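Shown next, in structure tokens, is the structure this report addresses.
The values are calculated or read from the model by the stated rules, or taken from the named source; none is laboratory data. Because the structure is predicted, anything quoted here is derived from the model rather than measured. All Cβ positions, even for glycine, are placed from backbone atoms using ideal geometry, and neighbour counts span all protein chains on display.
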Amino acid sequence: MFDGSDVRRSYTTVRTQIEALSPEDLRARSDYLSSSYLDQGVTFDIGGEERPFPLDIVPRLIDSTSWQAVELGVAQRVKALEAFLADIYGEGQVFRDGVIPRRVVTSSPHFLRPAMGIRPPGGVRVHVAGIDLVRDEQGAFRVLEDNVRIPSGVSYVMTNRRAMSAALPEVFTHHRIRPVAHYPNRLLAALRACAPTGVADPTVVVLTPGVYNPAYFEHALLARLMGVRLVEGGDLVAQAGHVYVRTTHGLHPVHVIYRRVDDDFLDPVHFRRDSVLGVPGLLNAARVGNVTIANAVGNGVADDKLVYTYVPDLIRYYLAQEPVLRNIDTWRMEDPTHREEVLDRLHELVLKPVDGAGGKGIVIGPRATKEQIEELRTRLLADPRGWIAQPVVQLSTVPTFIGGTMAPRHVDLRPFAVHDGERVSVLPGGLTRVALPEGELIVNSSQGGGSKDTWVLSADNPMPEVEPEPAEDGPFHPAIKPAVPPQQEPAPPTSHAQQEQQQLSRSPQPQGDPSC
């Protein structure tokens, strides 16, 4: 059933146990997954049609060493993006130091001037992050894109786990799998920790656009599991710099809003005047520090795929560390040198709009017709700032149950991180999305993809702690001091030799191997 020699060693037990099932039994269990999702209303929208989200019966396994590198790299990236957002909406030191051109940030449609100068309680802007990763041909995890505006999909992580433990209990119990059920509690704790100053018992709400939003199931699930109100814009009112929720007993103060409404619709006073999804005056309440908006308004600039190309430099600048997780090699179409090379190689590369989401607008050169290539060339020349180019990355594959048999299908991974102001916690697992059509490289559910339960296996022995390698070359942000080789304290001088200062060479820190 499995394609023998190419299956990773970590799948040995899963393979043995699944192959012990009869084809009829396996099909019945796979059908159970589909029906259980339909019964729960776990659906997504494709072209206005609600469809169940396909969950494959074969889990994705990630060993503890690989996960350690993912965890370290995701936390590092979130910290750097947090510092970057605080800087660009504050003093703008990163521009003066020449790390990223000011025009790259200010030309992004997600850079919001009304958010300038807002300092959120606790200094946290990225309360929740979803960092999309892929494994390249060498098995190393690479960052595909950042999602720190309104990352979605964590509900599938929890529902996938619950469904898989019921569908394959004998397989589930034979592995030491790190849990994911604690996520709502950790999210609630992080939201409460970032409440306005002086609020001992903050009221938290989840703000949803409503039942017609494709991710409404997730909004409702998180609100229920956190034990907080699920509200729409009309349920809230901003008065005199404070926000309240309407209740049967009158207005009740709200201190933290976990919003799942896009920036453009969040406050009609500052953004779209025709929005009925947001709360007039909400941004003013955030500016005076009386309410926390999670994630912060204006975070979308960090999701911009042109900004993505600068993130490795931002990590070095703000953290004085080398990136743990590398970017995909990328050409900036706004750079004349890059543009000339890309225009000569359109048939070889993948072109992405910088503000695209859900796989929309992506053109895969090797699969495009001559007419599509020429149309793309025209669009690139008309708006070079709006595009990046990347090589075709042969995403790693995992065994997937397709048409009654196992076949390799391409996958990516979205780990979710929560930042409480003290620590960035990465949920062990994340959302594995799988491209179900053979040979397809776009995994998004909006493009017909499915998902897998992601099992991060516990280590047999405690894992040694690792740290990112220090960056040696600046510039560095003035607030941080890059690591320098430590010096040994001299012993009391009893001879000339003992008076000489001994230099210790810097030893590289042990790194987790990100490959399989």
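If only one of 34, 30 is out of contact with any Phe, Trp or Tyr (no Cβ under 7 Å at 6 or more places or on another chain) and of a type in the set (Gly, Ala, Ser), which one is it?
That would be 34, the only listed residue that is out of contact with any Phe, Trp or Tyr (no Cβ under 7 Å at 6 or more places or on another chain) and of a type in the set (Gly, Ala, Ser).
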Inset, instruction - Could you identify the single residue in 292, 309 that is modelled with pLDDT of 95 or more, touching a Cys at 6+ places or on another chain (Cβ under 9 Å) and hydroxyl-bearing (Ser, Thr, Tyr)? - result: 292
Inset, instruction - Please state which of the following conditions residue 142 fails to meet, knowing it meets all the rest: (1) among the basic types (Lys, Arg); (2) in contact with a His (Cβ under 9 Å, 6 or more places away or on another chain); (3) farther than 30 Å from residue 285 by Cβ. - result: (2)
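Can you tell which of 351, 346 is in a loop (DSSP other than H, G, I, E, B), under 15 Å from residue 387 (Cα atoms) and touching a residue at least 12 places away in the same chain (Cβ under 8 Å)?
Numbers: 351 fails: in a loop (DSSP other than H, G, I, E, B).
Going through 351, 346 in turn, the sole match is 346.
With 80, 140, 75 as the choices, which residue is within 29 Å of residue 411 (Cβ to Cβ), surrounded by fewer than 20 Cβ atoms within 10 Å (Cβ to Cβ) and aliphatic (A, V, I, L, M)? Even if it seems obvious, please write down each step before you answer.
Values: 80 fails: surrounded by fewer than 20 Cβ atoms within 10 Å (Cβ to Cβ); 75 fails: surrounded by fewer than 20 Cβ atoms within 10 Å (Cβ to Cβ).
So the residue among 80, 140, 75 that is within 29 Å of residue 411 (Cβ to Cβ), surrounded by fewer than 20 Cβ atoms within 10 Å (Cβ to Cβ) and aliphatic (A, V, I, L, M) is 140.
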Inset, instruction - All but one of (1) farther than 30 Å from residue 59 by Cα; (2) part of a strand (DSSP E or B) hold for residue 407, so report the exception by its number. - result: (1)
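Need a quick list: strands (runs of 3 or more DSSP E) entirely within region 135-234 having at least 1 residues that are within 21 Å of the chain's Cα centre (by Cα) and at negative phi.
On the way: elements: 141-147, 204-207, 229-231.
Qualifying strands (runs of 3 or more DSSP E): 141-147, 204-207.
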Legend entry - Looking only at region 376-417, and only at residues there that are among the polar types (S, T, N, Q) and at pLDDT 95 or above, the one that is farthest from residue 303 (Cα to Cα): 378
Legend entry - Unmet criterion (only one of (1) free of Cβ contacts under 8 Å to residues at least 24 places away in the same chain; (2) within 24 Å of residue 152 (Cα to Cα); (3) not basic (Lys, Arg)) for residue 215: (1)
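Does residue 336 satisfy the condition of being over 28 Å from residue 151 (Cα atoms), not polar (S, T, N, Q) and not assigned by TED's automatic domain parsing to the domain that holds residue 149? If you could, list the steps in order and put the result at the bottom.
On the way: over 28 Å from residue 151 (Cα atoms): yes; not polar (S, T, N, Q): yes; not assigned by TED's automatic domain parsing to the domain that holds residue 149: yes.
For residue 336, the condition - over 28 Å from residue 151 (Cα atoms), not polar (S, T, N, Q) and not assigned by TED's automatic domain parsing to the domain that holds residue 149 - is met.
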Inset, instruction - Restricting attention to region 390-404, report how many residues are in a loop (DSSP other than H, G, I, E, B), without any contact (Cβ under 8 Å) to a residue 40 or more places away in the chain and buried (at least 16 other Cβ atoms within 10 Å of the Cβ). - result: 0
Legend entry - Residues being in contact with a helix residue (DSSP H, G or I) (Cβ under 7 Å, 6 or more places away or on another chain) and either part of a loop (DSSP other than H, G, I, E, B) or without any contact (Cβ under 8 Å) to a residue 12 or more places away in the chain (or both) - total across region 98-112: 8
Legend entry - Number of the condition not met by residue 387 [criteria: (1) surrounded by 20 or more Cβ atoms within 10 Å (Cβ to Cβ); (2) assigned by TED's automatic domain parsing to the domain that holds residue 308]: (2)
Legend entry - Breaking point among (1) of a type outside the set (D, E, K, R); (2) in the same structural domain as residue 188 (by TED's automatic domain parsing); (3) surrounded by 15 or more Cβ atoms within 10 Å (Cβ to Cβ), for residue 365: (2)
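Suppose we keep only residues that are assigned to a loop (DSSP other than H, G, I, E, B) and polar (S, T, N, Q) within region 425-464. Which one would you say is surrounded by the most Cβ atoms within 10 Å (Cβ to Cβ)? Walk me through how you get there before you give the answer.
Quick first cut of region 425-464, residues assigned to a loop (DSSP other than H, G, I, E, B) only: 427-430, 435-444, 448-449, 453, 458-464.
From the residues that got through so far, the ones that are polar (S, T, N, Q) too are 444, 458, 461.
On the way: 444: 17, 458: 15, 461: 6.
For region 425-464, the residue satisfying everything is 444.
Could you tell me whether residue 220 is surrounded by 19 or more Cβ atoms within 10 Å (Cβ to Cβ) and among the small types (Gly, Ala, Ser)?
The answer is no for residue 220.
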